[in-house]
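Notes follow once the structure below has been shown.
Here, each number is a calculation from the coordinates, and none is a lab measurement. Note that this is a predicted model, so its numbers are computed, not measured. Here the Cβ is made from the backbone with ideal geometry for all residues, glycine too, and neighbour counts use every protein chain on show.
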Amino acid sequence: MRSADLHIEGARIGAIEVARNRLIVPTFLFVLGFSILIVRLVSIGIFEDVSDQIISANSTRIEFIRERADILDRNGIVMATNLPAPSLAVRPRMISNPEEAADKIIAVLPDLNRTRVLNQLKSSKHFLYIRRNLSPTQVWKINALGYLGLVLENAEKRVYPQGRLASHVLGYVDVDNNPQAGVEKFFNDHLSNPIRSNEPLYLSLDLRIQYIVHEELEIAMDKFSAKGGAAIVMDVMTGEVLAMTSMPDFDGNGSISPEGAEMKNRNILEPYEMGSGFKTFTLAMGLDTGAIKLTDHFDATKPLKVGSRTIHDDHAKKRFMSVPEIYTYSSNIGSALIIREVGIENQQTYLKKFGFFDKSAIELTGVSQPILPTRWGEIQSMTVSYGHGIAVTPLQLVTGVASVVNGGRLIPATLIRKNNTLVDETPYNNVSFSQEENYQQIISPDTSRKMRELMRLAVDYGSGGNAKVDGYRVGGKTGTAEKVVDGAYSRDNKITSFVGVFPMDNPKYAIFVMLDEPKGTEDTFYKATGGWIAAPVVGQIIRRIGPMFGVKPDANVKTKYQNLLLVNENKN
């Protein structure tokens, strides 16, 4: 072999050796890294708890900023949320063949008007929306068209998973997510704040109770062919509204007519003359001022003439009646005579303390002022004593009744959950009248105790008998008021209501039901009064929600003051 060949062979061997040496370092590093990985995996498997790794991973989740925060019921059930819903827009100047583009868009979105879409594609404007809230399938098909002038803009749609349930409380938003009513509008600063988009708003509503109340009110409206209805369930110890329903109602997910009758929340928007329900406040102020005692009797033997007016009883007893009888048998004459003892000035003072001179303080927009007498003389004072000549909203009535039974404190109604404790974890019997809160004391605890017993009598022996529920201590008061039609009271057009409370020995819940212009049926002997129409609805609601709240039925339910009823008569 020539020396030159030897030289070339030696160079080749040297190059191979250098390459081998160079491979040793990365090979060593690879083996070292792989060994470390194996050791780490073995260490995790033997010495560390897998749950620790899961918790660590979950704690680093990414929070997304949304246009509006969620609204939840008191138990964390979603009532309003946002979902991705892209919008289709167009830059008309980038569309070369508007006719062809319009046909293809209509093929994907057949509910659109072709003429309108074509005009948008031919417009001289720079940017126009064609359709909002597209589904994922529609987005894919629009993208497949391949037009540069079509723009898919990221957006969100407000969705109400419960449909019509609590629609008047929630309100709704427009296509641009601008709030138009309800808590959506009242709490817009919170709900639309990007910094708080992951902080849901917890309402006091309990969707389980809301569903029951909605269903029972709907059944009653259909049965009695009522024009409208309203219902409220309130915790009398906290003021929390657990259910609020107004009918007719609407679905915030669909098309909405802002001026439609279904948009009215009858619980806060329209004041009504509540009829005999107001006798609750008349007797409360009479007892609290000392103007009357439970053992007093008043002459109801004949109609009461006051000036040019005559006050009648719908179901006259035509005898002297005790104070409990006046309330139980709902005597207008007796109420008028009691308020004469109380005096106009005291009547106005107490009604103001009960909250009937101002609109309700609740977290909703559109709350109405009460309608008070323009002149407050003797006859006006007497008619107000039994619920005529003064109009208040259902929410005001329920709040007032709650103060009568809860120990005498006026607790403002609220739609916001007052604490982070779920309802199921707070049995009613853990709450007592000894709770110290900074609320106005408007009647004494002793007066409150007496009124609870009178409300029991009205259910056990009076016109509220249809609200009885076996084993439950239910109290309440009926209300039937004639509506004003063409400037005069109409006997054919009535507002019928009933407000019930249970359990009466330690009140926790107030339930109100009202029906607008109901029609009597054969089952009610064609009567359309609060006792026949509204009281049974309240009874059915109590029957369903009582066990849910953990209120146990008691077979030994007793009532006080029966000895003050001279005659035990059937309900009227």
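Summary table
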| read-out | value |
| --- | --- |
| Ordering of 403-412, 146-155 by packing [mean C-beta count within 10 Å, highest first] | 403-412, 146-155 |
| Cα gyration tensor, the stretch 270-322 - rounded (a/c under 1.5), prolate or oblate | oblate |
| Sum of side-chain charges, ARG164 neighbourhood, beta-carbon under 10 Å (Lys, Arg +1; Asp, Glu -1) | -4 |
| Spatial separation of Cα centroids for the stretch 515-543 and the stretch 321-368, in angstrom | 24 Å |
| Surrounding net charge for SER403, when Lys and Arg each add one and Asp and Glu each subtract one, Cβ distance under 10 Å | +2 |
| Net charge dipole size for the stretch 71-201 [Lys, Arg +1 and Asp, Glu -1 on Cβ; Debye, nearest 20] | 300 debye |
| Net charge of Cβ neighbours under 10 Å - reference GLU270; Lys, Arg +1; Asp, Glu -1 | +1 |
| Inter-site label distance for ASP470 and ASN188 at 7 Å from Cα along Cβ, in nm | 5.3 nm |
| Label zone at ARG93 (point 7 Å along Cα-to-Cβ), backbone N below 18 Å, the stretch 116-153 | 120-129, 148-151 |
| When each of LYS494/LYS527; LYS223/LYS527; LYS227/LYS353; LYS279/LYS519; LYS185/LYS352; LYS264/LYS352 is checked by Cα-Cα distance, pairs over 21 Å | LYS227/LYS353; LYS279/LYS519; LYS185/LYS352; LYS264/LYS352 |
| Percent of beta bridges antiparallel (DSSP, the stretch 71-201, rounded to nearest 5) | 95 percent |
| Loop-resident sites, the stretch 322-406, for trypsin sites (Lys or Arg not before Pro), counting at most 11 other Cβ within 10 Å (DSSP) | ARG375 |
| The stretch 71-201 shape via C-alpha gyration tensor axes, a/c threshold 1.5 | prolate |
| Sequence ranges 179-188, 270-279, 126-135, 304-313, ranked by mean other-Cβ count within 10 angstrom, highest first | 270-279, 179-188, 126-135, 304-313 |
